[in-house]
Every structure is written in C-alpha cells, then in structure tokens.
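These notes concern the structure reproduced below.
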Amino acid sequence: MTPAELSALHRQCFTLAPRPWSADEFSALIASPGAFLLVRGQGFLLGRVILDEAELLTLAVASQARRQGLGRTLAEAFAATSRRKHAETAFLEVAESNHSARALYGRLGWCEAGRRPQYYGPGLDALILKLAL
C-alpha cells in the first residue's frame, strides 16, 4: 500500500478518535527508525521497535473486511515481528470508546497500563495497553 492508500483507509476507519493521518504523516512514520508496516488483504498495521520496546502505532481494517479475523491476524503478526526485533514489551493507545478494538486486544493478552485523559480530544480518553512479548 502506498502512503496515500494507507491514509485513505485510515480516514475510513478513524473519523473521530484518533484523527486520520495524512499520506505525509504515513511517509514520515514509515521512514522513522525501527518502523515496520504489515499489510494483509484490506488491512494494515504500523508499528515500531526501539531497543526492547515495541509500539503498535495504528491498525486499520476496511469496514467490509471486519469480523473476519484480519485485525487479529495483524495484531498477532505485530507481536511476532516485534519479538523477532528483540522487543520484550509492547504498548499501544486505544480510545476508551473503541470497544471492539479493546475486546480484540484483551483476547490477545493486552492489559491496561494507564490512561491519557482527553488524549483524542475533550472527553476522549486513551487507554494505554501493554503486552509482555
């Protein structure tokens, strides 16, 4: 997927929290140290590993491809890729109101490690989730 395609899918998936990222933002993130992009079908995940910590930056699945296991496949591939890159712990931020993402991460062993009040805007808190790799 090109940065423009990543941005278009991200815009489809994230209308409020978090705000959609531009093609330029995707280009910069992909080029940043430790970053990796995983693309599977109609979904993608952007992550990074720095030293022994991994961060799941964003995961997006096209609406017509949801509820078919693609999010789980991408999240599991993130964990495997992070382990290969010698990460021991992974983190992500998820909107408290994103119940489907929180359920997915919970099934995969992610645990709440903190909160960022109003991270996505007024009344839109982020939960920090952690996964031991």
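List of remarks:
- Considering residues of the range 93-133 that are assigned to a loop (DSSP other than H, G, I, E, B) and touching a helix residue (DSSP H, G or I) at 6+ places or on another chain (Cβ under 6 Å) only, the residue nearest to A75 (Cα to Cα): L108
- A77 vs. criteria within 13 Å of the chain's Cα centre (by Cα), surrounded by fewer than 22 Cβ atoms within 10 Å (Cβ to Cβ) and of a type in the set (A, V, I, L, M, F, W, C): yes
- Matching residues, the range 13-36, being touching a residue at least 24 places away in the same chain (Cβ under 8 Å), touching a helix residue (DSSP H, G or I) at 6+ places or on another chain (Cβ under 8 Å) and either surrounded by fewer than 17 Cβ atoms within 10 Å (Cβ to Cβ) or not in a loop (DSSP other than H, G, I, E, B) (or both): C13, S27, I30, F36
- Screening A75, A87 for residues that are modelled with pLDDT of 95 or more, of a type in the set (A, V, I, L, M, F, W, C) and assigned to a loop (DSSP other than H, G, I, E, B) leaves exactly one candidate, A87.
The values are calculated or read from the model by the stated rules, or taken from the named source; none is laboratory data. It should be emphasised that the depicted structure is a prediction, and the values quoted were computed from it without experimental measurement. Positions of Cβ are generated from backbone atoms using ideal geometry, with glycine treated the same way; all protein chains shown enter the neighbour counts.
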